[in-house]
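The values are calculated or read from the model by the stated rules, or taken from the named source; none is laboratory data. Model, not experiment: these values are computed from the prediction. Here the Cβ positions follow ideal geometry from the backbone for every residue, glycine too, while neighbour counts run over all protein chains shown. Protein only, heavy atoms only, side chains kept; ligands, DNA and RNA dropped before computing areas. Shrake-Rupley method; radii C 1.70, N 1.55, O 1.52, S 1.80 Å.
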Amino acid sequence: DVKVTQSSRYLVKRTGEKVFLECVQDMDHENMFWYRQDPGLGLRLIYFSYDVKMKEKGDIPEGYSVSREKKERFSLILESASTNQTSMYLCASSAPGTGNYGYTFGSGTRLTVV
Amino acid sequence: SQQGEEDPQALSIQEGENATMNCSYKTSINNLQWYRQNSGRGLVHLILIRSNEREKHSGRLRVTLDTSKKSSSLLITASRAADTASYFCASEGAGSYQLTFGKGTKLSVIP
(Lines give C-alpha, C1' and ligand atoms only; values in the text may rest on other atoms or scores of the structure.)
Protein backbone atom coordinates (compact mmCIF):
# COMPACT_ATOMS: atom_id res chain seq x y z
CA ASP A 1 0.00 0.00 0.00
CA VAL A 2 1.53 3.30 -1.08
CA LYS A 3 2.20 5.69 1.68
CA VAL A 4 3.20 9.13 2.84
CA THR A 5 4.40 8.96 6.42
CA GLN A 6 4.68 11.92 8.74
CA SER A 7 6.92 11.25 11.71
CA SER A 8 4.63 12.59 14.44
CA ARG A 9 0.85 12.79 14.83
CA TYR A 10 1.01 15.25 17.73
CA LEU A 11 3.81 17.56 18.75
CA VAL A 12 4.10 20.18 21.48
CA LYS A 13 6.98 22.64 21.29
CA ARG A 14 8.00 25.79 23.10
CA THR A 15 8.18 29.25 21.57
CA GLY A 16 11.60 29.84 20.03
CA GLU A 17 12.46 26.17 19.54
CA LYS A 18 13.66 24.90 16.17
CA VAL A 19 11.16 22.29 14.99
CA PHE A 20 11.60 19.61 12.36
CA LEU A 21 8.63 17.92 10.71
CA GLU A 22 9.58 14.90 8.67
CA CYS A 23 7.77 13.39 5.71
CA VAL A 24 8.71 10.23 3.83
CA GLN A 25 7.01 8.73 0.76
CA ASP A 26 7.55 5.30 -0.74
CA MET A 27 6.08 5.93 -4.20
CA ASP A 28 9.16 7.36 -5.92
CA HIS A 29 7.24 10.60 -6.49
CA GLU A 30 9.11 13.63 -7.78
CA ASN A 31 6.77 16.21 -6.27
CA MET A 32 6.36 16.84 -2.57
CA PHE A 33 4.40 19.53 -0.75
CA TRP A 34 3.87 20.96 2.71
CA TYR A 35 0.53 22.54 3.64
CA ARG A 36 -0.85 23.90 6.84
CA GLN A 37 -4.53 23.65 7.64
CA ASP A 38 -6.34 26.07 9.92
CA PRO A 39 -10.06 26.36 10.70
CA GLY A 40 -11.77 28.77 8.33
CA LEU A 41 -8.65 29.15 6.18
CA GLY A 42 -8.49 25.74 4.53
CA LEU A 43 -5.18 24.36 3.25
CA ARG A 44 -2.42 26.79 2.44
CA LEU A 45 0.77 25.83 0.62
CA ILE A 46 3.98 26.52 2.52
CA TYR A 47 6.70 25.03 0.30
CA PHE A 48 7.00 22.47 -2.44
CA SER A 49 9.71 20.57 -4.24
CA TYR A 50 9.82 19.08 -7.72
CA ASP A 51 13.15 17.32 -7.32
CA VAL A 52 15.94 16.51 -4.92
CA LYS A 53 17.65 19.63 -3.54
CA MET A 54 15.04 21.77 -5.23
CA LYS A 55 12.50 23.91 -3.35
CA GLU A 56 9.98 26.57 -4.19
CA LYS A 57 8.05 28.93 -1.94
CA GLY A 58 4.33 28.51 -1.70
CA ASP A 59 1.81 31.05 -0.48
CA ILE A 60 2.95 31.34 3.14
CA PRO A 61 6.68 30.50 3.43
CA GLU A 62 7.56 33.07 6.10
CA GLY A 63 8.98 31.47 9.22
CA TYR A 64 9.56 28.14 7.49
CA SER A 65 12.27 26.44 5.49
CA VAL A 66 12.52 23.01 3.89
CA SER A 67 15.09 20.41 3.03
CA ARG A 68 15.03 17.71 0.39
CA GLU A 69 18.31 15.81 0.40
CA LYS A 70 16.76 12.55 -0.82
CA LYS A 71 13.88 11.96 -3.19
CA GLU A 72 11.73 10.19 -0.62
CA ARG A 73 12.14 12.68 2.23
CA PHE A 74 10.90 16.26 2.53
CA SER A 75 11.43 18.05 5.82
CA LEU A 76 9.72 21.19 7.04
CA ILE A 77 11.68 23.34 9.48
CA LEU A 78 10.30 25.99 11.77
CA GLU A 79 13.37 28.08 12.45
CA SER A 80 12.03 29.64 15.65
CA ALA A 81 8.58 28.36 16.53
CA SER A 82 5.91 30.88 17.39
CA THR A 83 2.39 30.45 18.74
CA ASN A 84 0.87 31.50 15.40
CA GLN A 85 2.46 28.40 13.88
CA THR A 86 0.18 26.20 15.95
CA SER A 87 -1.63 24.29 13.23
CA MET A 88 -2.19 20.99 11.44
CA TYR A 89 0.64 20.32 9.00
CA LEU A 90 0.03 18.08 6.02
CA CYS A 91 2.62 16.61 3.71
CA ALA A 92 1.70 15.33 0.25
CA SER A 93 3.41 13.83 -2.76
CA SER A 94 2.50 13.38 -6.41
CA ALA A 95 3.93 12.06 -9.65
CA PRO A 96 4.65 14.62 -12.39
CA GLY A 97 1.43 15.81 -14.02
CA THR A 98 -0.65 14.11 -11.30
CA GLY A 99 -2.28 12.03 -14.03
CA ASN A 100 -5.38 10.39 -12.63
CA TYR A 101 -3.95 9.88 -9.19
CA GLY A 102 -3.87 13.27 -7.53
CA TYR A 103 -1.91 13.85 -4.37
CA THR A 104 -1.25 11.30 -1.68
CA PHE A 105 -1.37 12.88 1.77
CA GLY A 106 0.15 11.87 5.06
CA SER A 107 -2.00 11.65 8.18
CA GLY A 108 -0.90 15.07 9.38
CA THR A 109 1.02 16.45 12.34
CA ARG A 110 -0.89 18.57 14.81
CA LEU A 111 1.66 21.01 16.18
CA THR A 112 1.02 23.08 19.27
CA VAL A 113 3.48 25.84 20.13
CA VAL A 114 3.25 27.02 23.74
CA SER B 1 -2.72 32.02 -5.33
CA GLN B 2 -6.42 32.53 -4.81
CA GLN B 3 -8.43 29.85 -3.14
CA GLY B 4 -11.62 28.46 -4.52
CA GLU B 5 -14.78 28.30 -2.53
CA GLU B 6 -17.02 25.41 -1.64
CA ASP B 7 -20.72 25.75 -1.11
CA PRO B 8 -22.30 25.00 1.26
CA GLN B 9 -19.87 25.22 4.16
CA ALA B 10 -21.84 22.58 6.02
CA LEU B 11 -24.48 20.08 4.97
CA SER B 12 -26.54 17.70 7.07
CA ILE B 13 -28.63 14.95 5.44
CA GLN B 14 -30.30 11.67 6.28
CA GLU B 15 -28.72 8.37 5.33
CA GLY B 16 -29.86 7.31 1.88
CA GLU B 17 -30.26 10.86 0.58
CA ASN B 18 -28.00 12.42 -2.04
CA ALA B 19 -25.46 15.08 -1.12
CA THR B 20 -24.38 17.80 -3.54
CA MET B 21 -21.42 20.08 -2.95
CA ASN B 22 -20.34 22.90 -5.22
CA CYS B 23 -16.97 24.46 -5.85
CA SER B 24 -15.83 27.57 -7.67
CA TYR B 25 -12.29 28.42 -8.72
CA LYS B 26 -10.61 31.45 -10.16
CA THR B 27 -8.02 30.59 -12.82
CA SER B 28 -7.61 28.36 -15.86
CA ILE B 29 -7.02 24.78 -14.80
CA ASN B 30 -5.48 21.51 -15.96
CA ASN B 31 -7.85 19.54 -13.80
CA LEU B 32 -10.02 19.73 -10.73
CA GLN B 33 -9.88 17.19 -7.94
CA TRP B 34 -12.02 16.28 -4.94
CA TYR B 35 -10.66 15.06 -1.64
CA ARG B 36 -12.19 13.74 1.54
CA GLN B 37 -10.90 14.32 5.06
CA ASN B 38 -12.07 12.44 8.10
CA SER B 39 -11.79 14.39 11.32
CA GLY B 40 -8.19 15.11 12.28
CA ARG B 41 -6.70 13.02 9.49
CA GLY B 42 -5.02 13.55 6.14
CA LEU B 43 -6.87 14.06 2.88
CA VAL B 44 -7.79 11.19 0.60
CA HIS B 45 -8.04 11.67 -3.16
CA LEU B 46 -11.51 10.78 -4.48
CA ILE B 47 -11.72 11.75 -8.12
CA LEU B 48 -10.06 13.91 -10.77
CA ILE B 49 -11.75 15.55 -13.74
CA ARG B 50 -9.71 17.08 -16.54
CA SER B 51 -10.44 20.48 -18.02
CA ASN B 52 -11.70 18.93 -21.27
CA GLU B 53 -14.15 16.64 -19.45
CA ARG B 54 -17.64 17.61 -18.36
CA GLU B 55 -18.70 14.72 -16.19
CA LYS B 56 -17.08 11.78 -14.46
CA HIS B 57 -18.34 8.91 -12.32
CA SER B 58 -16.70 6.73 -9.73
CA GLY B 59 -18.93 4.39 -7.76
CA ARG B 60 -21.44 6.59 -5.88
CA LEU B 61 -19.58 9.76 -6.85
CA ARG B 62 -20.47 11.97 -9.78
CA VAL B 63 -18.43 15.05 -10.60
CA THR B 64 -19.28 17.73 -13.12
CA LEU B 65 -17.11 20.54 -14.41
CA ASP B 66 -18.18 23.75 -16.12
CA THR B 67 -15.06 25.62 -17.21
CA SER B 68 -17.09 28.53 -18.60
CA LYS B 69 -18.44 29.18 -15.10
CA LYS B 70 -15.28 28.00 -13.35
CA SER B 71 -17.32 25.67 -11.20
CA SER B 72 -17.61 22.01 -10.28
CA SER B 73 -20.01 19.90 -8.30
CA LEU B 74 -19.65 16.65 -6.40
CA LEU B 75 -22.69 14.43 -5.97
CA ILE B 76 -22.64 11.55 -3.51
CA THR B 77 -25.61 9.28 -4.09
CA ALA B 78 -27.30 7.09 -1.50
CA SER B 79 -25.23 8.54 1.31
CA ARG B 80 -24.08 6.48 4.27
CA ALA B 81 -23.12 7.45 7.80
CA ALA B 82 -19.53 6.56 6.85
CA ASP B 83 -19.58 9.39 4.28
CA THR B 84 -19.52 11.88 7.16
CA ALA B 85 -16.38 13.93 6.53
CA SER B 86 -15.13 17.20 5.08
CA TYR B 87 -14.89 17.40 1.32
CA PHE B 88 -12.45 19.68 -0.50
CA CYS B 89 -12.12 20.65 -4.10
CA ALA B 90 -8.67 21.45 -5.43
CA SER B 91 -7.79 23.02 -8.75
CA GLU B 92 -4.53 22.39 -10.55
CA GLY B 93 -3.63 25.61 -12.33
CA ALA B 94 -2.79 25.50 -16.01
CA GLY B 95 0.94 24.89 -16.43
CA SER B 96 1.40 24.06 -12.75
CA TYR B 97 1.58 20.96 -10.55
CA GLN B 98 0.31 22.87 -7.57
CA LEU B 99 -3.15 22.44 -6.16
CA THR B 100 -5.20 25.29 -4.76
CA PHE B 101 -7.69 24.02 -2.22
CA GLY B 102 -11.08 25.36 -1.29
CA LYS B 103 -12.11 25.68 2.36
CA GLY B 104 -14.24 22.56 2.32
CA THR B 105 -17.78 21.38 2.91
CA LYS B 106 -18.46 19.56 6.15
CA LEU B 107 -20.93 16.77 5.44
CA SER B 108 -22.86 15.05 8.21
CA VAL B 109 -24.90 11.98 7.31
CA ILE B 110 -27.38 11.08 10.02
CA PRO B 111 -28.17 7.37 10.39
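Using Cβ point charges alone (K and R +1, D and E -1), the dipole size of the stretch A:1-81 about the Cα centre works out to roughly 260 debye. Rolling a 1.4 Å probe across all protein chains gives A:S65 an accessible area of roughly 20 Å². Each residue of the stretch A:27-40 was assigned a 3J(HN,Hα) from its phi angle through the Karplus expression (A = 6.51, B = -1.76, C = 1.60, θ = phi - 60°), giving 10, 6, 6, 6, 9, 9, 9, 10, 10, 10, 10, 10, x, x Hz with x at Gly and Pro.
Highest mean first, the peptides B:44-53, B:59-68 sorted by other C-beta atoms within 10 Å per residue fall in the order B:44-53, B:59-68.
Within chain B, DSSP assigns beta bridges of which about 90% are antiparallel (rounded to the nearest 5).
Classify the stretch A:56-114 as rounded, prolate or oblate from the Cα gyration tensor: take a ≥ b ≥ c as the square roots of its eigenvalues, call it rounded if a/c is under 1.5, otherwise prolate when a/b beats b/c and oblate if not. Judged from the Cα gyration tensor, the stretch A:56-114 comes out prolate (a/c at least 1.5, a/b above b/c).
Sequence-ordered 3J(HN,Hα) estimates for the stretch B:34-45 from the Karplus curve with 6.51, -1.76 and 1.60 and θ = phi - 60° stand at 10, 10, 10, 9, 7, 3, x, 10, x, 8, 10, 5 Hz, glycine and proline given as x.
Debye-formula intensities of chain B, expressed as log10 I(q)/I(0) at q = 0.16, 0.17, 0.18 Å⁻¹, are -0.65, -0.73, -0.82 (one equal scatterer per alpha-carbon, no solvent).
Among rounded, prolate and oblate, which fits the stretch A:1-80 when a ≥ b ≥ c are the square roots of the eigenvalues of its C-alpha gyration tensor, a/c under 1.5 means rounded, and a/b larger than b/c means prolate? Note, shape of the stretch A:1-80 comes out rounded. In this structure, the amide hydrogen of A:R110, modeled 1.01 Å from its nitrogen in the peptide plane, lies closer than 5 angstrom to those of A:Y10, A:L11, A:Y89, counting only residues at least 5 positions away or on a different chain. Think of chain B as having a plus end and a minus end, set by charges on the Cβ of Lys, Arg, Asp and Glu; of B:A19, B:A78, B:S91, B:S91 sits farthest toward the positive end of this dipole.
Peptide B:38-50 is shielded by partner chain Cβ atoms: per residue, an average of 5 of them sit within 10 Å of its Cβ. The phi-based Karplus calculation (6.51 cos²θ - 1.76 cosθ + 1.60; θ = phi - 60°) puts the 3J(HN,Hα) values of the stretch A:68-79 at 9, 8, 10, 4, 7, 10, 9, 9, 9, 10, 9, 4 Hz, whole numbers, x for Gly and Pro. Counting only protein heavy atoms and a 1.4 Å probe, the stretch B:48-111 has 45 square angstrom of accessible area per residue.
Within the listed set A:V52, A:V66, A:V24, the residue fluctuating most in the Gaussian network model of chain A (springs between alpha-carbon atoms under 10 angstrom) is A:V52. With N the number of residues in the protein assembly as shown, Rg(Cα) / (2.2 N^0.38 Å) evaluates to 1.01.
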